[in-house]
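Below is one structure; the comments refer to it alone.
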C-alpha cells in the first residue's frame with residue numbers, strides 16, 4: 001500500500017468527528033473502493049502493532065480511530081488534570097453571572113458580558129460547574145450545579161468555585177440592593 005495514501009487515510013480518520021464509510025474515504029482519497037478497503041486493513045494492521053495508543057474500529061457503518069481501552073486510566077488522569085486547572089477570568093465571570101441570575105440563558109449571559117459565551121459555557125458544562133435546566137424556545141437555560149434554588153453559598157461552594165467568585169457575586173448582589 002502506498003505510504004502517502006495510508007498517511008492521508010490516518011489524517012482523515014483522526015480529523016473526522018464521525019465514522020467515515022468506505023465510499024466517502026474512496027472519494028476523498030481519490031481511489032477506488034477496493035483500494036480503500038485495502039488501505040483501511042493496512043492501517044488497522046499498523047494500529048494493532050504493540051506500543052500503539054490508537055485502534056481502527058468499524059462503527060456505525062464506517063471506520064474510526066479510537067483510543068485503546070487499556071489506556072483509559074491515562075486518559076482519565078489527563079481529564080482530571082484538565083478539570084483541576086484554574087478557571088479563566090471569562091469562566092469566573094460567566095460562572096458568577098450564572099450564580100447571580102440563575103436560571104439564565106446564553107444570550108442573556110452574552111448580553112451582560114458583551115461577548116460570546118458558547119465556549120466558556122461548554123467548558124463550565126464539561127467541568128460540571130453549570131448544568132442545562134431547560135429550554136426557552138431553542139435556547140438552553142443554565143444554573144449552577146448544587147442545590148437547586150439555593151440562594152446561599154455554602155463552604156463547599158467556596159471550595160469548588162473559589163473565593164473570587166463568591167466575592168464577585170456578593171458585590172453584584174450588594175449593588176443591586178442599593
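The values are calculated or read from the model by the stated rules, or taken from the named source; none is laboratory data. Predicted model, so just to flag it, every value in this text is computed and none were measured. When we count neighbours, we look across all protein chains shown, and the Cβ atoms used for this are built from the backbone with ideal geometry, even at glycine.
Listing for the model above:
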read-out	value
Test set (1) touching a strand residue (DSSP E or B) at 6+ places or on another chain (Cβ under 7 Å); (2) not assigned by TED's automatic domain parsing to the domain that holds residue 130 - residue 104 fails condition number	(2)
Test: residue in region 70-87 that is in contact (Cβ under 8 Å) with a residue 40 or more places away in the chain and over 27 Å from residue 122 (Cβ atoms)	no
Selection from region 91-111 of residues that are without any contact (Cβ under 8 Å) to a residue 40 or more places away in the chain and either in a loop (DSSP other than H, G, I, E, B) or surrounded by 15 or more Cβ atoms within 10 Å (Cβ to Cβ) (or both)	91, 94, 97, 101, 104, 105, 106, 108, 109, 110
Number of positions in region 13-45 that are closer than 15 Å to residue 57 by Cβ and in a helix (DSSP H, G or I)	9
Residue list for region 46-86, filter: within 18 Å of residue 1 (Cβ to Cβ) and part of a helix (DSSP H, G or I)	46, 47
Any hit, region 40-55, residues being under 23 Å from the mean Cα position of the chain (by Cα), within 30 Å of residue 8 (Cβ to Cβ), at pLDDT 85 or above and surrounded by 14 or more Cβ atoms within 10 Å (Cβ to Cβ)	yes
